[in-house]
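Asks: The structure's right below; bear with me while I get my questions together.
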Number of protein chains: 2
Amino acid sequence: MRKGILERYQEFLPLTEKTPLITLFEGETPLIRAEKLSEELELDLYLKWEGANPTGSFKDRGMVVAIAKAKEEGSRAVMCASTGNTSASAAAYAAKMGLKCYVIVPHQHIALGKMSQAVMYGAEVLAIQGNFDQALAIVREITEEYPITLVNSVNPYRIEGQKTAAFEVCEQLGEAPDILAIPVGNAGNISAYWKGFVEFRQAGKSGKLPQMWGFEAEGAAAIVRGEPILQPETIATAIRIGNPASWRTAVQAAQESGGAIDSVTDEEILEAYRKLARLEGVFCEPASAASVAGAIKMRAQGKWPSGLKVVCVLTGNGLKDPTTALESVEVKPKVIPCEKKAVLDVIKAEEGLCHETV
Amino acid sequence: MRKGILERYQEFLPLTEKTPLITLFEGETPLIRAEKLSEELELDLYLKWEGANPTGSFKDRGMVVAIAKAKEEGSRAVMCASTGNTSASAAAYAAKMGLKCYVIVPHQHIALGKMSQAVMYGAEVLAIQGNFDQALAIVREITEEYPITLVNSVNPYRIEGQKTAAFEVCEQLGEAPDILAIPVGNAGNISAYWKGFVEFRQAGKSGKLPQMWGFEAEGAAAIVRGEPILQPETIATAIRIGNPASWRTAVQAAQESGGAIDSVTDEEILEAYRKLARLEGVFCEPASAASVAGAIKMRAQGKWPSGLKVVCVLTGNGLKDPTTALESVEVKPKVIPCEKKAVLDVIKAEEGLCHETV
């Protein structure tokens, strides 16, 4: 039934007859109509649910290409810097292909779930006392000098794989949307989606192009501010990046498409994060909610007219960061004795439905 | 591209024209060939990867049916007892449908990720000072007396939805496998798979039936021991159940199919859990690994001949329980200074590949 992206989109990818067509069944992720948010925002709003990928984030699309090519080229080890999602993905595909994997992450700024993934998949995890941008600088140097393949998104195969999400959006809607809203961290994904939309139209598979709107976290909004940020800070650890590697192509995507790069605050991110779970039943990671926070902000500011067809990319699964989830809700689980009466007391004390019915 | 299970398997489900065809895109989960474990165990081994479901476990298949029927029947609130996966799923679908959701979980015996899901999806979470079996007894009583729909697997719609996984296995392999191996906790899922295989064959969509092999955790192996266990204990919290609600149908499934219910130790579970991640790139939750631990045990004991086509069900995503993951690995992340030399020192100190190449 399902195929991996190497098989499904072979004609659009830089594969040869020697490329191993590996897969963990990345891609074919759901496009979910956000019924309640559509109504609230007066938009035709869809969620591209990338948390359904094998390691729970969009990174798997690019990583399967990067790891297959590394294997094809005879590499025996790969390395990346990561805020967590890239390392999980690299570790999983490296395990599948029998490659050694080194990941460098910022100490104490990686979500618990992501750390558990990298170690379980058997990667060598090095937590540096520094941030993502410093980690990336180090792995760039090392992979230039030693026979280890760099699998960050500066590896061009990563962007090639990631662009397939744009193909799927077009296939799922029957056409490109009016607007594609997406979180911006290292800025590779917005560049990849734009490449995907452009190539799909060139191939005659879609008739139009969307506006590309990228949203950085305010405390890490280098592109919006126009200069690198030495100490980026945001609760959205996946986009806690102060010097995006794909800065230029991201700006180009926004400009060419008639969109923009903007920013959202941590409060706006957390509000969108909770709404997605409570209204739509979709639990994404905080960084993912930046796309929906952006849509809410643009509507409030009147920058997007009502009625537009908007796809918000939800880049990763909320299970990757259970700590932030539990800290972000006001209502905590109640610990009660093991008896029927204690349960009934809570229900009866509640307002609304159960007050009436019980 | 993708459909939910209500649409895909309508003819096999108890739907009416009034049932809302809701979906969070449950089902259509990958069947992954376990290349390395197949070789190691001399089996043709596949993994039914239920962690790819919307809330990260197989529970979504049954819950979408239970919640759609609750809505159809005019219910405004649902309730369940849960070791964590059922509560996550109930909370998500209740949120999607605008129903109030109460979940009763055993205090301090629910994995971190699962707790974060239930609270984020907006359920009222009550942690009782007791275990799952006690929680189930309480919710059974309350839902009999008050107008709240019980959505545990004693709700027959749950089993109806869960049986669709068996349909998919037949479709993905082109036929039922020789053996279906599955973790057993409350014993609803093995019953559901068996029902699915039987119905699919009756409908002429598959030609044979598999042997059903269920594996309990040794510290909670009520069926194997032949009596309820008052204080079940296992690291696999999802199957920490001492008095399975679907005991009878599970035994029947095993007997009718020529299979059996057996048990595996926590050590065997953790070993399979690590192997799945490190060899196959699949990170499941501990309870899920009971199916693979069972396969390893049966092969070691010579109970299964080599060459059989075996499907092991991996019931849930490893991200639901990051704590157990981090505690179960020997190699911890290394914290190092933010400099190239520190990274190189680690790589150079390693044996094998990088010692040679660096």
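Asks: Here's a check for you: in region A:143-168, which residue that is within 12 Å of chain B (Cβ to nearest Cβ) and not in a loop (DSSP other than H, G, I, E, B) is farthest from A:LEU21 (Cα to Cα)? Quick ask: steps written out before the conclusion?
Replies: Restricting attention to region A:143-168, the residues satisfying the condition of being within 12 Å of chain B (Cβ to nearest Cβ) are A:143-149, A:167-168.
Now restrict to residues that are not in a loop (DSSP other than H, G, I, E, B): A:143-145, A:149, A:167-168.
Details: A:THR143: 25, A:GLU144: 27, A:GLU145: 29, A:THR149: 19, A:PHE167: 19, A:GLU168: 19 Å.
Going through the qualifying residues, I end up with A:GLU145.
Asks: Here is a list of conditions, (1) among the polar types (S, T, N, Q); (2) in the same structural domain as B:ASP178 (by the TED database); (3) buried (at least 22 other Cβ atoms within 10 Å of the Cβ); (4) closer than 20 Å to B:ALA289 by Cα, and B:THR86 meets all of them except one; can you say which number that is?
Replies: Among (1) among the polar types (S, T, N, Q); (2) in the same structural domain as B:ASP178 (by the TED database); (3) buried (at least 22 other Cβ atoms within 10 Å of the Cβ); (4) closer than 20 Å to B:ALA289 by Cα, the lone unmet condition for B:THR86 is (2).
Asks: To continue, here is another question. Determine which single condition A:SER75 fails, assuming it passes every other condition in (1) in contact with a strand residue (DSSP E or B) (Cβ under 6 Å, 6 or more places away or on another chain); (2) outside any helix (DSSP H, G or I); (3) buried (at least 24 other Cβ atoms within 10 Å of the Cβ).
Replies: (3)
Asks: Something else about it: Tell me, yes or no, whether region A:286-295 has at least one residue that is surrounded by 17 or more Cβ atoms within 10 Å (Cβ to Cβ) and not assigned by the TED database to the domain that holds A:LEU45. Break it down stepwise before answering.
Replies: Just the residues of region A:286-295 that are surrounded by 17 or more Cβ atoms within 10 Å (Cβ to Cβ), to begin with: A:286-295.
With not assigned by the TED database to the domain that holds A:LEU45 added as a condition, the list becomes none.
Scanning region A:286-295, I find no residue that is surrounded by 17 or more Cβ atoms within 10 Å (Cβ to Cβ) and not assigned by the TED database to the domain that holds A:LEU45, so the answer is no.
Asks: Any idea which residue in region B:125-149 is nearest to B:ALA70 (Cα to Cα), counting only those that are buried (at least 22 other Cβ atoms within 10 Å of the Cβ) and touching a Cys at 6+ places or on another chain (Cβ under 7 Å)?
Replies: Top of the filtered list is B:VAL139.
Asks: For residues that are of a type in the set (Ser, Thr, Tyr) and within 10 Å of chain B (Cβ to nearest Cβ), scanning just region A:1-39, find the one that is farthest from the chain's Cα centre (by Cα).
Replies: The first filter runs over region A:1-39 and keeps only residues of a type in the set (Ser, Thr, Tyr), leaving A:9, A:16, A:19, A:23, A:29, A:38.
Okay, now just the ones that are also within 10 Å of chain B (Cβ to nearest Cβ), so A:23, A:29.
Numbers: A:THR23: 19, A:THR29: 12 Å.
So the residue we want is A:THR23.
Asks: How many of the residues in region B:183-222 are buried (at least 24 other Cβ atoms within 10 Å of the Cβ) and over 16 Å from B:ALA165 (Cα atoms)?
Replies: 6
Asks: Out of all the residues in region B:323-346, which are over 26 Å from B:ILE235 (Cα atoms) and more than 7 Å from every other protein chain (Cβ to nearest Cβ)?
Replies: Passing the criteria: B:GLU339, B:LYS341, B:ALA342, B:ASP345.
Asks: Now, a different point. Would you list the helices (runs of 4 or more DSSP H) that sit entirely within region B:186-269 and hold 3 or more residues that are under 17 Å from the mean Cα position of the chain (by Cα) and outside the structural domain of B:GLY62 (by the TED database)?
Replies: Numbers: elements: B:188-202, B:222-225, B:247-257.
Hits in region B:186-269: B:188-202.
Asks: Let me ask something else about it. Let me spell it out: the conditions are (1) part of a helix (DSSP H, G or I); (2) surrounded by fewer than 24 Cβ atoms within 10 Å (Cβ to Cβ), and A:VAL65 meets all of them except one. Which number is the exception?
Replies: In the conditions (1) part of a helix (DSSP H, G or I); (2) surrounded by fewer than 24 Cβ atoms within 10 Å (Cβ to Cβ), A:VAL65 misses (2) alone.
Asks: Given A:LEU47, A:LEU24, A:LEU13, which one is among the aliphatic types (A, V, I, L, M) and either without any contact (Cβ under 8 Å) to a residue 40 or more places away in the chain or surrounded by fewer than 23 Cβ atoms within 10 Å (Cβ to Cβ) (or both)?
Replies: Details: A:LEU47 fails: either without any contact (Cβ under 8 Å) to a residue 40 or more places away in the chain or surrounded by fewer than 23 Cβ atoms within 10 Å (Cβ to Cβ) (or both); A:LEU24 fails: either without any contact (Cβ under 8 Å) to a residue 40 or more places away in the chain or surrounded by fewer than 23 Cβ atoms within 10 Å (Cβ to Cβ) (or both).
Criteria check complete, one pass: A:LEU13.
Asks: Could you check region A:85-130 and list, in sequence order, the residues that are touching an Asp or Glu at 6+ places or on another chain (Cβ under 9 Å), facing another protein chain (nearest Cβ under 7 Å), small (Gly, Ala, Ser) and touching a residue at least 24 places away in the same chain (Cβ under 8 Å)?
Replies: Hits for region A:85-130 are A:ALA92, A:ALA95, A:GLY113, A:GLY130.
Asks: Additional query: Counting only residues that are touching a residue at least 12 places away in the same chain (Cβ under 8 Å) and in a loop (DSSP other than H, G, I, E, B), which one in region B:281-307 is nearest to B:LYS114 (Cα to Cα)? Outline the logic, then answer.
Replies: Residues of region B:281-307 touching a residue at least 12 places away in the same chain (Cβ under 8 Å): B:282-299, B:304, B:306-307.
Next, only the ones that are in a loop (DSSP other than H, G, I, E, B) stay: B:282-283, B:285, B:304, B:306-307.
On the way: B:VAL282: 19, B:PHE283: 16, B:GLU285: 11, B:TRP304: 35, B:SER306: 37, B:GLY307: 37 Å.
Only one residue tops the list, namely B:GLU285.
Asks: Kindly establish whether A:VAL310 is in contact with a Pro (Cβ under 7 Å, 6 or more places away or on another chain) and either in contact (Cβ under 8 Å) with a residue 12 or more places away in the chain or closer than 12 Å to A:TRP213 by Cβ (or both). It would help to see each step written out before you state the result.
Replies: Details: in contact with a Pro (Cβ under 7 Å, 6 or more places away or on another chain): yes; either in contact (Cβ under 8 Å) with a residue 12 or more places away in the chain or closer than 12 Å to A:TRP213 by Cβ (or both): yes.
Taking the combined requirement at face value, the residue satisfies it.
Asks: Follow-up question, since we're still on this one. Within region A:72-79, is there a residue that is of a type in the set (Gly, Ala, Ser) and either closer than 29 Å to B:GLU26 by Cβ or modelled with pLDDT under 95 (or both)? If you could, list the steps in order and put the result at the bottom.
Replies: First pass over region A:72-79, keeping only residues of a type in the set (Gly, Ala, Ser): A:74-75, A:77.
If we keep only those that are either closer than 29 Å to B:GLU26 by Cβ or modelled with pLDDT under 95 (or both) as well, we get none.
Among the residues of region A:72-79, not one is of a type in the set (Gly, Ala, Ser) and either closer than 29 Å to B:GLU26 by Cβ or modelled with pLDDT under 95 (or both), which makes the answer no.
Asks: Check whether at least one residue in region B:319-335 is buried (at least 20 other Cβ atoms within 10 Å of the Cβ), of a type in the set (S, T, N, Q) and under 13 Å from B:GLY51 (Cβ atoms), and report yes or no.
Replies: No - not one qualifying residue is present in region B:319-335.
Asks: Answer yes if at least one residue in region A:26-46 is part of a loop (DSSP other than H, G, I, E, B) and under 17 Å from A:ILE67 (Cβ atoms), and no otherwise.
Replies: Residues of region A:26-46 part of a loop (DSSP other than H, G, I, E, B): A:26-30, A:34, A:42-43.
Still in the running and under 17 Å from A:ILE67 (Cβ atoms): A:26-27.
Scanning region A:26-46 turns up at least one residue that is part of a loop (DSSP other than H, G, I, E, B) and under 17 Å from A:ILE67 (Cβ atoms).
Asks: Output the residues belonging to region B:75-84 that are polar (S, T, N, Q) and either without any contact (Cβ under 8 Å) to a residue 60 or more places away in the chain or under 15 Å from B:ALA238 (Cβ atoms) (or both).
Replies: Of region B:75-84, the ones polar (S, T, N, Q) are B:75, B:82-83.
The answer is B:SER82, B:THR83.
The values are calculated or read from the model by the stated rules, or taken from the named source; none is laboratory data. Not measured: the values here are computed from a predicted model. Quick reminder, even Gly has a Cβ in these numbers, built from the backbone with ideal geometry, and neighbours come from all protein chains shown.
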